Every structure is written in structure tokens, then in C-alpha cells.
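The values are calculated or read from the model by the stated rules, or taken from the named source; none is laboratory data. Only a predicted model underlies this, so the values are computations on that prediction, with no experimental measurement involved. Glycine gets a Cβ as well: all are built from the backbone with ideal geometry, and neighbour counts include every protein chain shown.
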Amino acid sequence: MIYWDQEKECMPLEQLRELQLRRLKETVYRVYAFVPAYQKKMDEAGVKPDDIKTLDDLKKLPFTTKQDLRDNYPFGLFAVPMSEVVRIHSSSGTTGKPTVVGYTRKDIDIWAELMARALISAGATRHSVIQNAYGYGLFTGGLGVHYGAEKIGASVIPSSGGNTKRQIMLMQDFGTTILTCTPSYALFMYEVMKEMGIDPADLKLKAGIFGAEPWSENMRREIENNLKIDAYDIYGLSEIIGPGVAIECSYKNGLHIAEDHFIAEIIDPETGEVLEDGRQGELVITAITKEALPIIRYRTRDLTALDRTPCACGRTHVRMQKVLGRSDDMVIIRGVNVFPSMVESVLLNIPGVEPYYLLVVDRRGNLDELEVHVEVSEKIFSDEIRKLEELEDLIRRELESALGIGVKVRLVEPKSIERSEGKAKRVIDRRKI
Ligand code: DLL
């Protein structure tokens, strides 16, 4: 099976746009009627539900931001009474209150459908044994993937994050064919496998569906080569629904956004102006079928670009590029924007460098400084000092030419950078401490 719902996934564009417009109109009427915060924002912007006559009119509506969710904490943006809400999730805010999201029965069903599509798109079938190592709990990764996996009739192992040796034992004993977790956790699993003397080629593992954090193409190659699997990128965020907003197909040439449920736009993050297809900017999503938490023009803070050229897989839904990073993780060094994924791409092209790194930003005097900590292999680390210095110098030159700023590089001992069982931390910004 190539599609879960061919009718929706391959819908002719004209029909798709009609469906989007109808659903958008309904959503706008609903939020205006039932969510005072939306009504207030729309009144302030001088726009009424009746003003939305075409998809282009979406532009007239104000953006929604994480701050709006915070200001209405916990349930203020819900468009249904709590008696209709069957599930609550939240995303762990590093600062302040978490972001709270709610689902009706129908929202949960749609989410499971989207995850079923995503899993099938990445090659899963009802014969798959899916080990789901995304965290179960308030995080949407665990339960989101779980419901989709059950829906397609696969056998799901709800292993959740952590206890890595046990994960590997389960993989061996239960014959896991698909692993779902963050890409950084997949890498860590490989490292532990090596320590346990297990060759991934001896496992039944065929594919991995990785997301919840940015990862470069080079990281994909690294994971695919190490674990001997096909690695697919899955995107989503709790504010919109959770995982399953977008997924790669077998062509791995961008992630198809489920356009029958979401409308995607790219804006200039500085001006808010909508950019034409192909230009890179901030992804903005409108959820047009959500009951509990419909969300209008949500600013994801994720940087990507949209591609509307036809995809060989037959799906008509727009593709988004692999996410470059989120603006929160972007560090501005002397005016230059640096994303961890840019550093990652450079590092993983250099032999002897391990896929573990950390960006440490500090201010000396009035000057910002970026120091990149890079782990090297045992073999390299035991080399003579001169060779290590040469490698350090090579990494520095490669980074400087890719980023266009001066950087410091510090080679660090194997296994000294903290391993991740969920979302990896790539930046320490000492300017903010
Ligand atoms: O991370 C949902 C999810 C779970 C997605 C499992 C995929 C797999 P949040 O915790 O709300 O939800 O975090 C959402 O994570 O705005 C992005 O910055 C980042 N993110 C998610 N998927 C990707 C991806 C889940 N494939 C935030 N590539 C988003 C890059 C991603 N960044």
C-alpha cells in the first residue's frame, strides 16, 4: 500500500482548494463566535468572518503566536466546552508556563488518520513492528504515533523514551522493523548498540521515522549508514495537532503537509509579509478542521520553504523543505544568523568527527563569540597533538567558510557531550545566563 487515503492525499488541486476554503470559512466563523480572544483580535484588525471569501483573504487575518497561548493559559483559546475535550497535551516551555492544547474525540480521530497516513508514507504496513520511543505523556510524540500505528494495524511497542539498553533488547527480541524517536536518540541508540557488541545489520530494523527536532541531510546519511535503515523525516507541533502535520514520502524530497487539514504559508519573520513559494521564511499554519483548538495563522517559528512542484509519489499536497531550525535556536553572532543544523552539516562531512556537537555562545567585552565543541572518535583522540591541532584547524576553516564568521573550535573527548533521549540541546547561550 502506498497511500492510507488516496482520495485525500492525491486530491486534484482545484478540489483541494475548494475544500480548504470551505473549511477555513467554517473555522473562522467558529473562532469568532466561540473564542473571545480571536474575536477581539479580529475586531482590532477590522476583519469579520464574512470578509473571508477566497483563500487569499487568509492574509487579512491576524497571526496567532505562542504568546497568545500563554496569555490565555490554560484553556482560554478552546472553542468547545471542557465536556467535549477528551485529551490534553502540553509542550514543555523552557521558560514560563507550558503551552496547553486540547482535543475532542473527533480531533483525536483526525490526528490518528494523519499519523496513519504518515506511517504508510514512510513504508509502514500492518505487518510492521513499530517501536515507539517518543516520550509518552504530555508530549504529543508518544501517543500521537501510537494511535496512528494502531490504526494501520501495525504491532506497536510503546517503549517511550529512555532505558536505552532495554530499547535495544526489545528491538532484538520483538523483531522491531520500524523505530520512531528523535534523530538524536536514534544516534545514541546506535552508540549503545556498538557498546553492547550488536551489529544493526543483524536486527530486523528497516526504517526510522524521526522528527521533533531539526536534523540535517548529513545527519540522515549518518543514521542510515549506521543503523542500516531508511530514515524519514516527520514534522509537527503540539499547537497544530502534534506529529503528522507533514511527512516525507519515499522520494524524501520535502515533507508533504496534510493540506486538507492545514493551510501553510511562508512569511518574512521580520515584516510578516507573505512570501512566494520557494522562498525561505517562517512557516505559518492554519488548522482548518480542529474542534477544540482551531488555530489561525499560527507562527511556528520554524524556518523552511514551500515547494508546489508535482511530486513523483502522486500526492498533490505541498511539500515543505526539511526545517533549517527554529528561530529560538538561532544564534545571532555579530549580526550573522547561525543555526545548529548549519554547523551539523559541515561537521558531518569531516572524517573522524562524531555526530555530537554543541554551540557555546559567549560575550567577551562587547564581542560575541561562538565556540563549537566537537566530539572526535577514540582513534583520532589518541593521535598525537599535532594531528589534533590540524583537525581542529580544518574544522575551523570549514565552519568559517560556511558560516561567514570567525569561530573557535574545541575538540572534546569521545562521549563527553550529553546524549539525548528526546530533543537534543545544541546551544548554550551564556549571554543569556
Ligand atoms: O515535537 C511533535 C512531534 C513529535 C513531531 C514527534 C515529530 C515527531 P512540540 O514538542 O510542540 O511537538 O515541538 C514542536 O519541534 O515547532 C519544530 O521546531 C520542532 N520540530 C518538530 N518536528 C521537526 C522536524 C513535537 N521534523 C517543534 N524537523 C516544532 C525540525 C521539528 N524540527
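Values computed for the structure shown
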read-out	value
Scope the stretch 268-282; condition in contact (Cβ under 8 Å) with a residue 40 or more places away in the chain, assigned to a strand (DSSP E or B) and within 15 Å of the ligand (Cβ to nearest atom); matching residues	E282
Odd one out for G254, checked against (1) of a type in the set (G, A, S); (2) closer than 30 Å to E14 by Cα; (3) surrounded by fewer than 16 Cβ atoms within 10 Å (Cβ to Cβ)	(3)
Residue within the stretch 209-217 that is surrounded by fewer than 23 Cβ atoms within 10 Å (Cβ to Cβ), more than 21 Å from Y136 (Cα to Cα) and not acidic (D, E) present	no
Residue, nearest to the ligand (Cβ to nearest atom), within the stretch 195-208, restricted to residues that are surrounded by fewer than 23 Cβ atoms within 10 Å (Cβ to Cβ) and either assigned by TED's automatic domain parsing to the domain that holds P355 or within 26 Å of I350 (Cα to Cα) (or both)	A207
Residues being more than 17 Å from the chain's Cα centre (by Cα) and either within 16 Å of the ligand (Cβ to nearest atom) or on the phi > 0 side of the Ramachandran plot (or both) - total across the stretch 252-267	2
Residues satisfying the stated conditions in the stretch 34-56, i.e. more than 22 Å from Y73 (Cβ to Cβ), assigned to a helix (DSSP H, G or I) and hydrophobic (A, V, I, L, M, F, W, C)	A45, L55
Qualifying residues in the stretch 241-251 (those that are crowded, with 24+ Cβ neighbours inside 10 Å and either not assigned by TED's automatic domain parsing to the domain that holds F139 or not in a strand (DSSP E or B) (or both)) - the one farthest from the ligand (Cβ to nearest atom)	C249
Residue in the stretch 48-67 that is buried (at least 19 other Cβ atoms within 10 Å of the Cβ) and among the charged types (D, E, K, R) present	no
Residues that are within 14 Å of the ligand (Cβ to nearest atom) and outside any loop (DSSP other than H, G, I, E, B), drawn from the stretch 213-236	E217, M219, R220, I223, A231, Y232, D233, I234, Y235, G236
Spans of helices (runs of 4 or more DSSP H) in the stretch 95-181 with at least 2 residues buried (at least 24 other Cβ atoms within 10 Å of the Cβ) and hydrophobic (A, V, I, L, M, F, W, C)	105-121, 140-151
When residues of the stretch 291-338 are limited to those that are at positive phi and not in a loop (DSSP other than H, G, I, E, B), the one surrounded by the most Cβ atoms within 10 Å (Cβ to Cβ)	G325
Test for V412: is it within 16 Å of the ligand (Cβ to nearest atom), hydrophobic (A, V, I, L, M, F, W, C) and outside the structural domain of R220 (by TED's automatic domain parsing)	no
Test: residue in the stretch 58-68 that is of a type in the set (D, E) and more than 22 Å from the chain's Cα centre (by Cα)	no
Qualifying residue in the stretch 189-201 (condition: in a helix (DSSP H, G or I), modelled with pLDDT of 95 or more and within 24 Å of L143 (Cβ to Cβ))	yes
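Residue-by-condition table, conditions (1) aliphatic (A, V, I, L, M); (2) in contact with a strand residue (DSSP E or B) (Cβ under 7 Å, 6 or more places away or on another chain); (3) within 23 Å of E418 (Cβ to Cβ); (4) within 11 Å of the ligand (Cβ to nearest atom):
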{"site": "P98", "(1), (2), (3), (4)": "no, yes, yes, yes"}
{"site": "S128", "(1), (2), (3), (4)": "no, yes, no, no"}
{"site": "G135", "(1), (2), (3), (4)": "no, no, yes, yes"}
{"site": "G153", "(1), (2), (3), (4)": "no, no, no, no"}
{"site": "G175", "(1), (2), (3), (4)": "no, yes, no, no"}
{"site": "L187", "(1), (2), (3), (4)": "yes, yes, yes, no"}
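Yes or no, residue by residue, for (1) within 14 Å of the ligand (Cβ to nearest atom); (2) out of contact with any Ser or Thr (no Cβ under 7 Å at 6 or more places or on another chain):
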{"residue": "R301", "(1), (2)": "yes, no"}
{"residue": "L306", "(1), (2)": "no, yes"}
{"residue": "C311", "(1), (2)": "no, yes"}
{"residue": "S327", "(1), (2)": "yes, yes"}
{"residue": "V331", "(1), (2)": "no, yes"}
{"residue": "V338", "(1), (2)": "no, yes"}
{"residue": "V346", "(1), (2)": "no, yes"}
